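Where a number appears in this text, it was derived from the coordinates with a stated rule and is not lab data. Being a predicted model, the structure only gives us computed values, none of them experimental. All Cβ positions, even for glycine, are placed from backbone atoms using ideal geometry, and neighbour counts span all protein chains on display.
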Amino acid sequence: MKIAILGSGNVGGTLAKKWAKAGHTLSFGVRNPQKPEVQQLVRTLGSGASASSIATAIDSGEVVLFAIPGGAMEQTIASNAKALDGKIVIDAANNMGGASLNSFSAFASHTPAARAYRAFNIYGWENFENPAFDGMSADLFYCGPDGESRSTMDKLISEVGLNPVYVGGPQQVELVDNVLKLWFALGSGQHMGRHLAFKVLKR
Ligand SMILES: NC(=O)c1ccc[n+]([C@@H]2O[C@H](COP(=O)([O-])OP(=O)(O)OC[C@H]3O[C@@H](n4cnc5c(N)ncnc54)[C@H](OP(=O)(O)O)[C@@H]3O)[C@@H](O)[C@H]2O)c1
């Protein structure tokens, strides 16, 4: 699959390493593709990876991961609205100071035909790098359209080493964000640390 990764920091870089191993073609969309850290990351990922402007990366991707600051989301979505049309877009950004942690309303108003998923936002990036706890894969709760693109999401989440748990359509976005709030309440509020994740038990 061709994946555009907007942002090459903790989240973008970590998920890119997993998806490169799975054989995907990765295109980082960044403000400065020549930045030494970006170039170094691209080199470590091998021949399937490249870096370009945000617009060029979006054009080349079937899937677009947003791993940029939450405050930059609305502008980035609005500026690239047409190119995002119809693509699978993954909102991993948390707009900590904003009215909402997620950017679903910006996707809905600027690019309503994009298939927006809320995923990879509920844990610290360390748990994307190492999702195994005592040999068990952490669950990753996510939401978005219940179409054929859902199986793409399951695959991308599984390739990171996490167990995908679909919690419903886009109307469940606040529920997914509340899992992040629980993660913060335990990890930070109760000092359990960042190497913390959740698992659904059932019988
Ligand atoms: N850190 C975590 O554990 C974690 C976990 C889940 C979700 N998130 C969310 O994921 C997003 C990325 O977090 P991160 O920890 O990966 O951040 P990070 O390491 O600081 O990386 C941010 C990336 O976004 C780019 N960027 C900064 N400002 C931008 C702008 N105005 N327009 C476009 N690109 C811009 C940066 O590029 P430059 O090099 O050009 O500055 C960098 O590539 C945030 O929304 C965060 O809330 C973080």
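Some observations on this one:
- Computed [θ] at 222 nm, helices only, for the chain once each DSSP H run of length n ≥ 4 contributes -39500 (n - 2.57): -10000 deg cm²/dmol
- Using the average count of surrounding beta-carbon atoms within 10 Å as a protection proxy, the listed peptides 78-85, 157-164 rank, highest first, as 157-164, 78-85.
- Other residues lying with their Cβ under 12 Å from the Cβ of ASP91 contribute a combined charge of 0, Lys and Arg counting +1, Asp and Glu -1.
- For region 119-203, relative contact order (Cα pairs under 8 Å, six or more residues apart, normalised by length) works out to 39 percent.
- Pairs of lysine residues in region 2-189 - Cα separation under 16 Å, sequence separation of 8 or more or cross-chain: 8
- Sorted on the mean count of surrounding Cβ atoms within 10 Å across their residues, most packed first, peptides 54-67, 91-104, 123-136, 187-200 read 54-67, 91-104, 123-136, 187-200.
- For the chain, the relative contact order is 17 percent, taking Cα pairs closer than 8 Å that sit 6 or more residues apart in sequence and dividing their mean separation by the residue count.
- Formal net charge of residues neighbouring ASP177 (Cβ-Cβ distance under 11 Å; K, R +1; D, E -1): 0
- Each Lys or Arg adds one and each Asp or Glu takes one away; over the other residues whose Cβ falls under 13 Å from the Cβ of LYS21, this sums to 0.
- FRET efficiency, 1/(1 + (r/R0)^6) with R0 22 Å, evaluated for THR56 and MET96 via beta carbons: 0.15
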